[in-house]
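What follows is a set of notes on a single structure, which appears directly below.
The values are calculated or read from the model by the stated rules, or taken from the named source; none is laboratory data. This structure is a prediction, so every number in the text was calculated from the model and none was measured. Ideal geometry is used to build each Cβ from the backbone, glycine not excepted, and the neighbour counts take in all protein chains shown. Side chains included, ligands, DNA and RNA excluded: accessible areas come from the protein's heavy atoms. Shrake-Rupley method; radii C 1.70, N 1.55, O 1.52, S 1.80 Å.
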Amino acid sequence: MRRQVTLLVAAVAVVMTACTPSSDPVETTTTLPSVAGTIDAPEFPQGMDWLNTAAPIAMSDLKGKVVLLDFWTYGCINCIHILPDLRRLEEEFAEELVVIGVHSAKFTNEGATAQLAEVVQRYDITHPVVNDKDFLIWSSWGANAWPTVAVVDPAGRAVGVRAGEGVYEAIQPVIAQLVEEFDRADAIRREPLELTLEAESSPSTPLRYPGKVHASDGRLFVADTGHHRIVEVDPDTGEAIGVWGSGQRGFTDGDAATASFSDPQGLAFDSSTSVLYVADVGNHSVRSIDTSTGEVTTLVGDGSQGWPPTGGTLDETRLASPWALELAEGRLFVANAGTHQIWSVDLDRGLAEPLIGSAREGTLNGPFATSELAQPSGLALSDDGKLYFADSESSSVRVGDLANGQTSLVVGGDETLFDFGDLDGSGNEARLQHPLGLAFGSAGVLYVADTYNSKIKRIDTGTGTVTSWLGSEPGWADGDAPLFDEPGGLAFDGTTLWVADTNNHSLRTIDPVTGTVSTLIVTGLEKFEPPTSYAGPVTEIAGSITASAGPGTITLDYALPDGHKVNPDAPSAVSITGIGIELAGDGDLTGASLPIDVPVEFSEGSGDAYIDVNLVYCAEEAESLCFIDRMRFVVSLVVGPAGPSSQITIGRDVEN
């Protein structure tokens, strides 16, 4: 959090001075002072939950490595901002550096290991993370702000502590000098640390951590955040009818298949131009998609984080983690979470400027220019010109009156950034926990995705009262007693309330009259994949397999997780390309029972055959909750003349 005070222990203060590059261009052989620590680093307490590793880690396990401790909490935008710095350091010092994420949670929900495991995958974190929910490691290092980093030298001694963003520029010279210094003493251990990543055990899903959803003019768009792409879905059938983005994190304009995004979130659609605007969080930009041509361009931002927040023409303006969008009469409102502001983009004049917020994180209401916001992440514009925003880090819903230029509290805490909870009521009497999504319904009802409470709530904007409506705890269930898991986005199309149910990787629908919840199964995404790519695990069958020309079978012989079955409604299939074999039927596996024999036709020849299996499976008691099991089997085939019918068995750990 930007307002917190930066802490530097004496050792780090010396390091920063010693490692600052000289402005003198003259070569020198002067040796920099040692930056090694003098005091043993505090040991990790026992009994803590660890992620991305098979067993707890001790400081002694890290001897010979430079260690960077990252003290963070996952809802904090400043903590999110330094993740690219950590990745850059991990790549640059791949053999010498180990990053340990020390998650010291601000919010109650963030302290749950199950929720933290989701975020580790959502943010593509591939280093070990320890759940420091009781602030034991935090206290042992004297941390007092999110984010804070601490450095440990290869001898296991504490070098120092630094709070705030700008981690790469400050810490890279320290790590580089530690590596050089300990390399001279042959004290660097370059063997990799063994990891067991949380993502390795998670199933593939059509959507991955969807953040926001937009529904208007009969069209439904979803930010498929974890896949770094935007998907248009038929709201009636769930069939994917458009995909923009390569599926890989990047910052590239171009056609639908080659353009790239990074953790996209908020969406706004202009039906008059068929342009969809995207808040591209990881690229600190707003992107434009011409849905009629598929072309993706950048509206504002250059991919770098903007600071200080300065308005101007679109081509010269930089944003910081734009999280939500709202469009009205040629004006695009942007929740610029990274600077704790709401911006206004004049699309006709090509100008962008801060509208609400001083860029100081806080809860102060009043004139737009002096108001203090705290990571606004959801927007909803009323018919009478009031811009409501989910002020996530203050766990409140606030409103900016565009007519008089004043902000005020609707519901939630308005005194400190730690006034959160789960309590219905009016104004400051109510409590929310890190809400992310807003959407107006009918009759002045404002729906709220109370994200960290895993609930959907309703605000009567006339009385300023919030009431819990649906959800109770993190989970998944449809029907009249539904469960959600950190829902992040809402959209109302006049008859249906749509929910981006982030940790459930799904789109949920709510009947606003009955409160009945259903899950929309998204299908057909595979047809948008480039023909030369394969987004799934590949198993190469050992050795060559001989077969006879003519009819034969492939037996799919591997088990789904216990209590699951192939979904009888969503399409599953097997396809074959390559040499010596082709399907004798359509390859349909919808609702199939495993193992199953698939008829094929062998033809003389030799070469590699590619057998792609795509199974949509679900819990036996909950057919709407679907997962995708995708696998490519590569078979080296030698097919001889016609003879007895041949059979190949494929599956996990199957030998032919």
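Are any residues in segment 553-572 under 14 Å from residue 630 (Cβ atoms) and open to solvent by 40 Å² or more (accessible area, probe 1.4 Å), and if so, which ones?
Of everything in segment 553-572, just one residue is under 14 Å from residue 630 (Cβ atoms) and open to solvent by 40 Å² or more (accessible area, probe 1.4 Å), namely 571.
Residues being open to solvent by less than 70 Å² (accessible area, probe 1.4 Å) and either closer than 17 Å to residue 639 by Cβ or within 29 Å of the chain's Cα centre (by Cα) (or both): count how many of those fall in segment 574-592.
The qualifying residues number 6.
I'd like to know if segment 206-226 contains one or more residues that are modelled with pLDDT of 95 or more, in a helix (DSSP H, G or I) and either out of contact with any Pro (no Cβ under 7 Å at 6 or more places or on another chain) or more than 22 Å from residue 126 (Cβ to Cβ) (or both).
Yes, the conditions are met somewhere in segment 206-226.
Which condition does residue 375 not pass, out of (1) surrounded by 17 or more Cβ atoms within 10 Å (Cβ to Cβ); (2) on the phi < 0 side of the Ramachandran plot, if it passes all the others?
Going through (1) surrounded by 17 or more Cβ atoms within 10 Å (Cβ to Cβ); (2) on the phi < 0 side of the Ramachandran plot one by one, residue 375 breaks only (2).
Looking at (1) open to solvent by 40 Å² or more (accessible area, probe 1.4 Å); (2) modelled with pLDDT of 95 or more; (3) assigned to a loop (DSSP other than H, G, I, E, B), which is the only condition residue 292 fails?
The one condition residue 292 does not meet is (2).
Please name all residue pairs, on different chains or six or more residues apart, with Cβ atoms under 8 Å, provided the first residue is in segment 552-563 and is assigned to a loop (DSSP other than H, G, I, E, B) and the second residue is among the polar types (S, T, N, Q).
As it stands, the answer is 557/649, since those pairs meet every condition given.
Could you check residue 133 against (1) in contact (Cβ under 8 Å) with a residue 40 or more places away in the chain; (2) of a type outside the set (S, T, N, Q); (3) crowded, with 16+ Cβ neighbours inside 10 Å and say which number it fails?
The single condition residue 133 does not satisfy is (1).
Which members of segment 143-155 meet the condition of being over 30 Å from the mean Cα position of the chain (by Cα) and either open to solvent by 10 Å² or more (accessible area, probe 1.4 Å) or among the hydrophobic types (A, V, I, L, M, F, W, C) (or both)?
155
Table: residues versus (1) under 19 Å from residue 239 (Cα atoms); (2) buried (at least 22 other Cβ atoms within 10 Å of the Cβ).
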| position | (1), (2) |
| --- | --- |
| 496 | yes, no |
| 514 | no, no |
| 522 | yes, yes |
| 529 | yes, no |
| 537 | no, no |
| 542 | no, no |
| 547 | no, yes |
| 551 | no, no |
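Take the residues of segment 253-271 that are touching a residue at least 24 places away in the same chain (Cβ under 8 Å), more than 13 Å from the chain's Cα centre (by Cα) and open to solvent by 30 Å² or more (accessible area, probe 1.4 Å): which is nearest to residue 84 (Cα to Cα)?
The qualifying residue nearest to residue 84 (Cα to Cα) is 253.
Which condition breaks for residue 221 when tested against (1) closer than 24 Å to residue 492 by Cα; (2) open to solvent by 10 Å² or more (accessible area, probe 1.4 Å)?
Here residue 221 clears every test but (2).
Looking at 451, 407 in this structure, which one is within 24 Å of the chain's Cα centre (by Cα) and of a type in the set (S, T, N, Q)?
Unique residue meeting the criteria: 451.
Hey, does segment 187-196 have a residue that's in contact (Cβ under 8 Å) with a residue 24 or more places away in the chain, assigned to a helix (DSSP H, G or I) and either of a type in the set (Asp, Glu) or surrounded by 15 or more Cβ atoms within 10 Å (Cβ to Cβ) (or both)?
Among the residues of segment 187-196, not one is in contact (Cβ under 8 Å) with a residue 24 or more places away in the chain, assigned to a helix (DSSP H, G or I) and either of a type in the set (Asp, Glu) or surrounded by 15 or more Cβ atoms within 10 Å (Cβ to Cβ) (or both), which makes the answer no.
Would you be able to tell me the number of residues in segment 606-650 that are open to solvent by less than 30 Å² (accessible area, probe 1.4 Å), closer than 29 Å to residue 519 by Cβ, at pLDDT below 80 and of a type in the set (Gly, Ala, Ser)?
1
Return the only residue of 203, 235 being open to solvent by 20 Å² or more (accessible area, probe 1.4 Å) and at pLDDT below 95.
Unique residue meeting the criteria: 203.
Does residue 77 fit the bill of being more than 19 Å from residue 158 (Cα to Cα) and open to solvent by less than 10 Å² (accessible area, probe 1.4 Å)?
Considered against the rule, which asks whether it is more than 19 Å from residue 158 (Cα to Cα) and open to solvent by less than 10 Å² (accessible area, probe 1.4 Å), residue 77 comes out as yes.
Does residue 412 satisfy being modelled with pLDDT of 95 or more, under 18 Å from residue 464 (Cα atoms) and touching a Gly at 6+ places or on another chain (Cβ under 9 Å)?
So residue 412 passes the test.
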